[in-house]
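Nothing in this text is a laboratory measurement; each read-out follows from the coordinates by a stated rule. On a predicted model such as this, the values are computed, not experimentally measured, just so you know. All Cβ positions, even for glycine, are placed from backbone atoms using ideal geometry, and neighbour counts span all protein chains on display.
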Amino acid sequence: MTKQNHRRSEKGAALIVALLLLLVLTVLALSLINTSTFEIGISGNEKTSLEAFYAAEAGIQMALSQLPSMEAIPRTTIGSDAHYWSGSVRDRGNPSRSDSLGLAFQYGSDLSQFGFRRIQIHVTGESQGAVRELEVQVKGNRPISPTTEY
């Protein structure tokens, strides 16, 4: 086989290698696009979940600011589509009030015993379909004599 015949037999090899390389790059690009789309969905879900958590946190702060009252917090809108209310998801239409857990006793510096009022606050936050529930137990900051009826 002469040199000229050898070149004729390899004439389409560069085209085939170029097409295979282009195919590999196309598959890689499609894979990256798919991964990016998936990650964007995950970050959107995380954002919505955090908005629901922060709405519930706002409800906790509202309940804390109303203490010693333990009244129910009605469904309250924050921003365009975030809400909070006292109670669980089932209490959306009819919020529940905070629960009294009775007294917690603690000894003072002079070994006298004081009772502190304990309250459980349950709040639900919602944003764009995501729901987060928070529950906090608070010990009141005013000591009550153990002999006081409560």
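Taking Cβ atoms as reference points and 9 Å as the exclusive limit, the residues near residue 138 contribute a net charge of +3, counting Lys and Arg as +1 and Asp and Glu as -1.
Near residue 125, once Lys and Arg are set to +1 and Asp and Glu to -1 for all other residues with Cβ below 9 Å from its Cβ, the sum equals -3.
Among 75, 92, the order by Cβ neighbours within 10 angstrom, fewest to most, reads 92, 75. Between rounded, prolate and oblate, where does segment 62-103 land on the alpha carbon gyration tensor, with a ≥ b ≥ c its root eigenvalues, rounded for a/c under 1.5, else prolate if a/b exceeds b/c? Oblate is the answer for segment 62-103, as a/c is 1.5 or above yet b/c matches or exceeds a/b.
Using C-alpha pairs below 8 Å separated by at least 6 residues, the relative contact order for segment 3-139 is 23 percent. If you take all other residues with their beta carbon under 12 Å from the beta carbon of residue 45, and give Lys and Arg +1 and Asp and Glu -1, the sum is -2.
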